[in-house]
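Colleague: What follows is a structure written as structure tokens; I'll ask about it next.
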Amino acid sequence: IFEDQAGKFDWRKQLVGCPAKITFDKVGSKSDRLIVSTAQSVLASLVLNTGNIGWRQIMENPSGSTNGLTFTKDREYIYSISEDGRSVRVWNKNNGVLAHQLPISEQKSEIQAIHVTNQRLHVASGRTLVVFRLGDEKPVETVISKTELTFSAFFQQDDVVIHVSALKNAGKSIELSKITEDGAFEPLKTVEIKDFEPKNCHVQEAYLSCSTGSTLQIVDIFRQKVQKIQLETEILEISGHGPLILARGAKNAQIVEITAENGAQVRKSVDIGAGEALGITENHESVIVTSSDAVRVVFVNSATHFSAKRVKMAENLENSAPKSIFGRKNDKDWEIVIVGEDCHVEFVTVDQNSKSVNLEWSREESLITAVSVEMVDLPLSESQQMIEDEFEDGESNIISAFIRRIQVQFGQLCRQITRSIEKVIYVVTSITKNGNGVADFINSVRSASGSGSAASGPFERDYFNLRKVIIVATSTGTVFGIDSADGRYLWKLWLGEHFQPLESPFDGEKVPLFVQRTTAHYQLDGLASVVFSNKLTHNGVIVSFNPMVGKVVSRNELGYPVKRLSLLPVHTHKHVYPVMLIGKNEEIKIFPSITPEELSATTPYLYLLDIQSQTVQGLKIDISSQKITPVWQGNLGLTAQDDIIAVKGKSFNQKVHSQGRVLVTREVQYKYVNPNLAAIASINRADQHMTITLVDIVTGQIVHSASIGKAAKPIHMVHSENWIAYSYWSDKGRRTELGIIELYEGTEEQHTQKEVFDSKIAEKLPPVVAQQSYIYAQGVDAMSVSETEQGLTTRSILVAHPSGNIHEVSRRLLDANRPMELTQAMREEMMIGYMPEIAVATEEMINYNQTVHRVRGIKTSPSGLESTSLVLAYGTDLFFTRLVPSGTFDILKDDFDHVLISLVLTGLVVGSYVSKRLARSNALASQWS
Amino acid sequence: TEEVSRTEQTSTLFSVEGEIALPSTRNCAKWSAGARIHLNHGQYMGFVRQDCTFRVDFVPTGTYIVQIENTDFVFEPIRVDITSKGKMRARKLTILQPNNVNTLPYPLRLSARGPARYFRKREEWRITDMLFSPMVLMLVVPLVVMLILPKMTANDPELKKEMENMQMPKVDMPDVGEMMANFFGGSAPAKKKAVTGGSGSGQRRK
């Protein structure tokens, strides 16, 4: 990649994750910030005016719950509990630099609390309570409780800090300890709370509020007094700020105010619907209720309130209901951060005078949970459709064909004229609007030509089919359509509040995404489907939509949970490939249904691989009669100690360009391209052996089995053409290793002895296997392989590193036939000799210095150019780019020197003209002499 | 306090500490916000403080590869061995020979090997590249020799005479005669043309 190509056709989206806690903050002389801690262990600072990431720190992956990091802050630093509650990290607010790292305890715990005063930092994690003096890394005091805690919180009033804890077997009481000036712990008395349950409690200011049914118990920590209030309805949620407590029920919320004279009493009741979120401003002056279309502000100390309508900004972006609100009051308006169920974060300001809601910015954080990605072609352009029309009707006579052709040519001419007129109008409009001189005119012309291929043009396929719609399905319940040109959101689907991902034994959460009809049929819209589970009934749900505009076509719920699902290899008369959904009791549903006459043209059977804990089974499914029959069964040589880690089959529509490989001896070695081959990787727990078993799914034949000693996770596999590439951690060598297995039928001489050339016959000879291993100096987060339209281009294996780089390894380097010693013939064939290590150079990173962290998968897709592959890496970040593994052999290169060639051509033309004149005058002079 | 000491005695988790040496032109506080420490490619993770020191806590016994994740510099990875009693040994990482021991000091000190280069250089058109290419050397230089030398001899009569005189002392008489005949034969058509031109002008005068 070259420097002038950076950012030219790639883009990156940096995400912070689903916010769990947000606070407003002012950082020195800079603008206001939002301090965000998310469910994906990210601590970030967002610029309040723009929503951009000021700084971001990605912590370790949590081993337990995903409720975000516990943090607190003072004027200069942010104090966060990290490493599952074992340490505190102190971050500089300005730039996110780590200032201190304070170890707390060696035991992990989810019961965490942290508090900072002017001089001291108080941390509670599990059974350990530690007090630090600010700036020091040695604790002043450490207390370890003998009993496990179920609740932990700090309270401060003036200079007094009190720690509240609940012991595991202590029943219904909380322990109070006062922390003195020198850091010592002084026990106070025990307070009894009836039916104490930590998850029903809320901590604020000097009060601990707990709910039981419709009873609200408020504990004044500093007076050690409990007050009970009986409310009208059952309490579902408690929140609040300062002296105000919000007790939310099913239909309304009670505002409880605590004063010194009267204690706690209900001040006001606010009606709240099911899809609305409730919050209170930081100065506890007003209560904010938001729904999808309105923001209501209810004043606490007066009878007035007002409601502001929200303007629907984008029709294609469908958001969920709000989940939480963080707001504050300014001099003139309210500033509100709204977080939806779909991790949609938006910042709005509400003006009281004009009663309007202004959307300042929004962020889509659910992309951090992307699990399925597809790339879909754009519809044909108008000129391409005309060409299709021109050649479609083959039965018309010659006169009507001629007339149609003239019409098409005329249409193309009109289109070209219209486009030119639009450009001229754009230039003239820019001049009249901003006419300041020649520079502006030149810029207008340049942007006019640029806008022809940019997003402002018509939404159709470009010349080389490089621009696509990227469909991303997330495990949060959203589906996005993203423009691959610049990463813009085209549409967004919210799959509903009952969304739940499917479960996979190998890959965790799954939201399968199928492209059932592409845009190749220009009369018909594209069709894609997403399959998930209903949270309440656990039944399968399939939603079909138009991938261009995100419009839902149909939504069906099955009567059973989905056990497995597959795309059928046949299509209906409307060119739709149906999706087959199979339940646990062999129920079968096909969406959309397919008729027997559509089936008769092709094979009516589908073969599936069924993997249980001990056995592996081959199933045969009759599509017409919808019956499942076991064909073969076995354990594939696996024992009870073997854990299956990965299963990789061939991709659905993979192209293998060349059937053979030419050897140095001029023989042809034919590739073993069985489309029914599946690779199964397993690790033996007893002796740490990794076994890769290649199975024919139809016949159950074990084609090959390879064993690697002392291997460990993480293990990644790529299966393509006739080879399998895999990566594993070698415990013996204590490094990452890459392996490659290649399968061949045999050379031409051996091939002629066979009667039938068929990879699918089970009784034939086993394939010739070549295998090689290489040392790799980096870790591997994800692996993928590049894809082109015809499979002619050299394939590249893409390896994502934990450090955020994506490395491109050519297949010529990861090759099982690299010789140990190069002969002269091999040198002439430009073969690369074997070297144990595959070098990792920074020039081979396809994302240069744009790091992509925690990559979960890399999606590759062919484009219209044979040389170019499209790549999207998704994880904590998204990164899209193009890949040219063999160079741009089918278009002019980027550094094609147009200027030099033009100069040379002009010089030659001028030189030939001058030479002609000189020759003529010389001839004339010679005749005169 | 007794609990604390008892816990420390039975501790099986340790800390890996080190320092990062940047080039003197770089500010550490600005650089360290984007840097992280990886042990065994992300199995354990640490962050760099504003003074370019780091510590990775709660690391059990074993052998680890210490790497620095950043986008500006390339650092040499280091292998750290931790015994069950917490004794640390740092050595140079040799992936090809894992048992090779080349001890480094502990606490770790990682120096930047150089800036990270992500882009390749474009091929640039240069005059020297064109002149010294094999095609130019094999074709253009002989052509220049063939064209320039005859012109030099033709333009300089003294050099021409000198060449004729050099041929005279040779003993081989027939060779000298042939050359003389060639010289005279070569100049004859020019003289004829001159005579023809002169006669033409004479006729016009009459």
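The values are calculated or read from the model by the stated rules, or taken from the named source; none is laboratory data. Everything quoted here is computed from the prediction, not taken from an experiment. Because the Cβ atoms are built from the backbone with ideal geometry, glycine has one as well, and the counts that use them run over all protein chains shown. To get the accessible areas, we keep the full protein, side chains included, count just its heavy atoms, and leave off ligands, DNA and RNA. Shrake-Rupley method; radii C 1.70, N 1.55, O 1.52, S 1.80 Å.
Colleague: Expressed as a whole number of Å, what is the distance separating the alpha-carbon centroids of segment B:75-137 and segment A:248-325?
Modeller: 59
Colleague: Still on this model: Past 22 Å, Cα to Cα: identify those pairs from A:Lys73/A:Lys168; A:Lys228/A:Lys323; A:Lys535/A:Lys563; A:Lys21/A:Lys510; A:Lys510/A:Lys584, in the order given.
Modeller: As for pairs spanning more than 22 Å Cα to Cα, those are A:Lys73/A:Lys168; A:Lys228/A:Lys323; A:Lys21/A:Lys510.
Colleague: Which of the three applies to segment A:540-665, rounded, prolate or oblate, going by the alpha-carbon gyration tensor with a ≥ b ≥ c and a/c under 1.5 meaning rounded?
Modeller: Oblate.
Colleague: Excluding ligands and nucleic acids, what accessible area in Å² is computed for A:Val428 using a 1.4 Å probe, to the nearest 10?
Modeller: So the heavy atoms of A:Val428 present about 80 Å² to solvent.
Colleague: If you don't mind, there's one more thing I want to ask. Using a 10 Å cut-off on Cβ atoms, rank the peptides A:478-488, A:697-707 from the highest mean neighbour count down.
Modeller: The peptides rank, most packed first, as A:478-488, A:697-707.
Colleague: Another question, then. Taking square-rooted eigenvalues a ≥ b ≥ c of the alpha carbon gyration tensor, is segment A:461-561 rounded, prolate or oblate, where a/c under 1.5 means rounded and, failing that, a/b exceeding b/c means prolate?
Modeller: It comes out prolate by the Cα gyration axes.
Colleague: Mind listing, in residue-number order, the residues in segment B:65-90 that have at least 30 Å² less accessible area with every protein chain present than in their own chain alone (1.4 Å probe)?
Modeller: Going by heavy-atom accessible area, the residues of segment B:65-90 that drop by at least 30 Å² are B:Gln67, B:Glu69, B:Thr71, B:Arg79.
Colleague: Could you tell me the center-to-center distance, by alpha carbons, between segment A:766-801 and segment A:483-520 in angstrom?
Modeller: So the two Cα centres are separated by 26 Å.
Colleague: Give the list, by residue number, of cysteines in chain A with no other Cys Cβ closer than 4.7 Å, or say none.
Modeller: A:Cys414
Colleague: Helix-derived [θ] at 222 nm for chain A: sum -39500 (n - 2.57) over DSSP H runs of at least 4, divide by residue count, nearest 500?
Modeller: Counting only the DSSP helices, I get -4000 deg cm²/dmol.
Colleague: Further question: Can you give me the long-range amide H partners of A:Val88? Hydrogens built in the peptide plane at 1.01 Å from N, cutoff under 5 Å, separation of 5 or more residues or another chain.
Modeller: A:Ser82, A:Leu102, A:Ile104
Colleague: Here is a further query. Quick check: pseudo-label points 7 Å beyond the Cα along Cα→Cβ at A:Ser400 and A:Glu137, how many nm apart are they?
Modeller: 8.6
Colleague: Normalized C-alpha radius of gyration of chain A, against 2.2 N^0.38 Å?
Modeller: Normalised Rg, Cα atoms only: 1.14.
Colleague: Residues of segment B:16-51 that become at least 40 Å² less accessible with every protein chain present than in their own chain isolated, using 1.4 Å: which are they?
Modeller: B:Ala33, B:Arg36, B:His41, B:Met45, B:Phe47, B:Arg49, B:Gln50
Colleague: Could I ask something else about it? What accessible area per residue comes out for segment A:1-93, rounded to a whole number of Å², with a 1.4 Å probe?
Modeller: I get 37 Å² per residue for segment A:1-93.
Colleague: Taking all pairs of different Cα atoms in segment A:198-292, averaging 1/r and flipping that mean, what Kirkwood radius in angstroms comes out?
Modeller: It works out to 13.4 Å.
Colleague: Sticking with this structure for a sec: Keeping every protein chain present and rolling a 1.4 Å probe, give me the accessible area per residue for segment A:820-929 in Å².
Modeller: I get 58 Å² per residue for segment A:820-929.
Colleague: Here is a further query. Would you be so kind as to list the residues of segment A:828-856 that have their accessible area lowered by at least 10 Å² in the full protein complex compared with their chain by itself (1.4 Å probe)?
Modeller: A:Pro836, A:Glu837, A:Thr842, A:Glu843, A:Glu844, A:Tyr848, A:Asn849, A:Thr851, A:His853
Colleague: Next up: Rounded to the nearest 100 Å², what is the sum over both chains of accessible area buried where B meets A, with a probe of 1.4 Å?
Modeller: Interface between B and A: roughly 4400 Å².
Colleague: Per residue, how much accessible area does segment A:571-715 show when a 1.4 Å probe rolls over the protein heavy atoms, in square angstrom?
Modeller: On a per-residue basis, segment A:571-715 sits at 50 Å².
Colleague: Using mean Cβ contacts within 10 Å as the protection proxy, how do A:553-559, A:580-586 order, highest first?
Modeller: Top of the packing list down: A:580-586, A:553-559.
Colleague: If you don't mind, there's one more thing I want to ask. Share of Cα-Cα pairs in segment A:119-217 beyond 18 Å, in percent?
Modeller: Here the tail beyond 18 Å accounts for 48 percent of pairs.
Colleague: Something else: Ignoring ligands, DNA and RNA, please state the percent of accessible area on the protein assembly as shown from carbon and sulfur, probe 1.4 Å.
Modeller: Answer for the protein assembly as shown is 53 percent, counting heavy atoms of protein chains only.
Colleague: Follow-up. Can you send over the solvent-accessible area of A:Ile421, 1.4 Å probe, protein chains only, in Å² to the nearest 10?
Modeller: 90
Colleague: Roughly speaking, what is the centre-to-centre gap between segment A:39-80 and segment A:122-151 when only Cα atoms are used, to the nearest Å?
Modeller: Centre-to-centre distance over Cα atoms comes out at 22 Å.
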